[in-house]
Amino acid sequence: MKIKSITSVGKRKVYDLSVKEAEHYVLENGVVTHNTGSYYSADNIFILGRQQEKDGADLVGWNFIINVEKSRYVKEKAKIPITVKFDGGISRYSGLLDMALESGHVVKPSNGWYSRVDTKTGEVEDKKWRIKDTDGKDFWDQILQNETFLEWIRNNYSYASSSIYSSYEESNGEET
């Protein structure tokens, strides 16, 4: 494999290494690499993929998927979607719809429509939301206050929520 180019980016010493016909990026130890296959000895390795976010035929931003290859903080093989629009930056609710569908807190009762689910009763709310309407506080407040949804996210995306030392000391009856 031959490096196609090395480009200095910005004011700090950060380099962008490229390989011909690269389809994804790898962020390792502060270096962005394009499909180089190198993993160095990093604590975290995220592979970034992207696709266009369009409104009709107009390009309005990008949908990124962060694929967690290696991490001490997030479960490996997790996929984290992030939407970035040109007119508003990172969407506050990026990726949550996919998570809520997978966890059963939202269902798709018909093509192009979404409804919230009361996970205690299994009842689907009568109101249906278009996808563009799910990107707001009105749709998400109820779900984000639901402890079962928050627990599902913790179980599927994080390794630990406290220091390994405090957990160890507490299990031995010692104060932290």
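The values are calculated or read from the model by the stated rules, or taken from the named source; none is laboratory data. Just so it is clear, the structure is predicted and the values come from calculations on it, not from any experiment. Note: ideal-geometry Cβ built from the backbone for every residue, glycine included; neighbour counts use all protein chains shown.
General remarks:
- Comparison of Val106, Val60, Val84 shows that the only residue that is farther than 25 Å from Lys128 by Cβ and at pLDDT 90 or above is Val84.
- Residues in the stretch 93-113 that are in contact (Cβ under 8 Å) with a residue 24 or more places away in the chain and either over 22 Å from the mean Cα position of the chain (by Cα) or under 21 Å from Asp55 (Cα atoms) (or both): Tyr93, Leu96, Leu97.
- Residues that are out of contact with any Ser or Thr (no Cβ under 7 Å at 6 or more places or on another chain), at pLDDT 90 or above and more than 20 Å from Glu151 (Cβ to Cβ) are absent from the stretch 68-77 altogether.
Okay, residues lined up against (1) part of a strand (DSSP E or B); (2) aliphatic (A, V, I, L, M); (3) touching a His at 6+ places or on another chain (Cβ under 6 Å); (4) modelled with pLDDT of 95 or more:
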site: Val117; (1), (2), (3), (4): yes, yes, yes, yes
site: Thr121; (1), (2), (3), (4): no, no, no, no
site: Asp133; (1), (2), (3), (4): no, no, no, no
site: Gln142; (1), (2), (3), (4): no, no, no, no
site: Leu150; (1), (2), (3), (4): no, yes, no, no
site: Ala160; (1), (2), (3), (4): no, yes, no, no
site: Tyr168; (1), (2), (3), (4): no, no, no, no
site: Glu175; (1), (2), (3), (4): no, no, no, no
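- Leading residue by the ranking (farthest from Thr148 (Cα to Cα)) among those in the stretch 81-103 that are surrounded by fewer than 17 Cβ atoms within 10 Å (Cβ to Cβ) and of a type in the set (Val, Ile, Thr): Val84
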